[in-house]
1. Across peptide A:47-60, what mean number of C-beta atoms from other chains lies inside 10 Å of a residue's C-beta?
2. Taking the Cβ-Cβ separation of A:V195 and B:E72 as r and a Förster radius of 60 Å, what is the calculated FRET efficiency to the nearest 0.05?
3. Cut-off is 10 Å between beta-carbons; in what order do A:V116, A:V60 appear when sorted fewest neighbours first?
4. Set Lys and Arg Cβ to +1 and Asp and Glu Cβ to -1, take the dipole of the stretch B:5-164 about its Cα centre, and tell me which of B:A68, B:Y158, B:V81 lies farthest positive.
5. If you bin the C-alpha pair distances of the stretch B:180-248 every 10 Å from 0, what whole percents do you get?
6. Might you report the magnitude of the Cβ-based charge dipole of the protein assembly as shown about its Cα centre, with Lys and Arg at +1 and Asp and Glu at -1, to the nearest 20 debye?
7. Taking a label point 7 Å from Cα toward Cβ, how far is A:G76 from its twins in the other copies, in nm, shortest first?
8. On alpha carbon coordinates alone, what is the Rg over Rh value for the stretch A:11-90, Rh being the Kirkwood radius?
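Derivation of every value follows stated rules applied to the coordinates shown; laboratory data play no part. Predicted, not measured: the structure shown is a model, and the values here were computed from it. We place every Cβ from the backbone using ideal geometry, glycine too, and count neighbours over all the protein chains shown.
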Protein chains: 2
Amino acid sequence: MAADPLKNIRIVLCAPVHPGNIGAAARAMKTMGLAQLYLVAPERYPDAQAQWRASRASDVLARAIVCACLDEALAGVGFAVACSARSRELAVREVTAREAAVEAASVARTQPVACVFGNETYGLTTVEVNRCQILATIPANPRYSSLNLAAAVQVMAYEMRLAAMSGGASPAQPRQLATFEELEGFYEHLERAMVEAGFFNPQHPKKLMPRLRRLFARARLEQEEVNILRGIVKAFERRKPERMKNEGG
Amino acid sequence: MAADPLKNIRIVLCAPVHPGNIGAAARAMKTMGLAQLYLVAPERYPDAQAQWRASRASDVLARAIVCACLDEALAGVGFAVACSARSRELAVREVTAREAAVEAASVARTQPVACVFGNETYGLTTVEVNRCQILATIPANPRYSSLNLAAAVQVMAYEMRLAAMSGGASPAQPRQLATFEELEGFYEHLERAMVEAGFFNPQHPKKLMPRLRRLFARARLEQEEVNILRGIVKAFERRKPERMKNEGG
């Protein structure tokens, strides 16, 4: 149980291009009491520009963790928020930055939480968004919604500080949410079983897996629930051999 | 009566030092639908750095009004908000950024409103603060509350947009949720299949079905999602006969 949920919230920047933005993001984080910065394949880092823009948040910058891919940055995370200006079809549940912050701060009392930001030019890819449980959008001018990366981090960090400080409605019993790895393991298992059962054709995937991801993301699966679901899938997989044995006996 | 209160809100930067911050402030403003920028005795302006950091908010920058003193920038203003990280004695009434935004947006429906920001190093002077009606502070890390100037403008502009939109638009599209009967049909189907697969024993149900219900209730299943889930269960049910046929042929 973290005394301070802000200590359990990490900021993940996917493929940031400008080192100045990395530094400014570190500063934005520190002003709001966040300290864990993950950089996924940054184009230029470390860099003097990042240092300069970080100002007196150089400690956050110095402890930043550089990852090769997003999955690495999400290891151990119980709740991941994709932060994007664009909404998109078939993505995870979409909420405002403020709503996302309340949920994130609540989970962060017991488990690691990630806020994931996309590249300056392209934002988050659909694959990246679908690794997360919710999509948070910052309400913006529809004619120019392009917040600077560090400015978006500032707004999200600000909302999370307010949510964390307000105490928030902490649930009666904190739920043990499945980690990123456990969820991905379940999705792989389910997909494999559906292929074998002839329900899912990887050659013509349509949108089956993204839809199922969206559904389960909304449910915010607990660890034990993932175990139950995998048990069900496993029972279906095993079905044939067991019946054969019974019928043979 | 302004249709859009945001059109009645000006951002005033007192003695900004770095042109990059002026450009970034212009961008922050435009993303939130603000367009009136006042610069009181800027150290370097115009400047290429300001242009670059403004990105596609160069129109806001181009229309910025340069003033010699704060009084000039506040001409015609009905309500002025001093924005500062520091609270101080003998100042005007002190509120949070969020509370200030609600008041500002309310006044801005009928009269010009100003949000006044201090110099990067020293912030606002007491004289400047006392020109305003309220002092708005952005809740921050007490050990490092030094938001970048443009980042502070971003947070204030964001709060004013939300206040003007009164709570912010909910991005959610109305979803076609499954009916009670559809849900019950799915639960029955799933239970039947699990019994047949040997995963679920109705004699010793434990809490499997209630747990699954709780899980799917949280997801608030859509009609189409129930159809997908039933399709998956059906495919698993069909599995044995199909395999038998193949193996027999």
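1. Values: counts 0, 0, 0, 0, 0, 0, 2, 0, 4, 3, 3, 0, 1, 1.
The shielding value for this peptide is 1.
2. Values: r = 71 Å, r/R0 = 1.18.
So, using R0 = 60 Å, E works out to roughly 0.25.
3. Fewest to most other Cβ atoms nearby, the residues stand as A:V60, A:V116.
4. B:Y158
5. In order of increasing distance, the bins hold 18, 46, 27, 9, 0 percent.
6. Working: 64 positive and 50 negative charges, 145 e Å.
The dipole magnitude comes to about 700 debye.
7. From this label point to the equivalent ones elsewhere in the assembly: 5.6 nm.
8. Working: Rg = 12.8 Å, Rh = 13.0 Å.
Expressed as Rg/Rh, it is 0.98.
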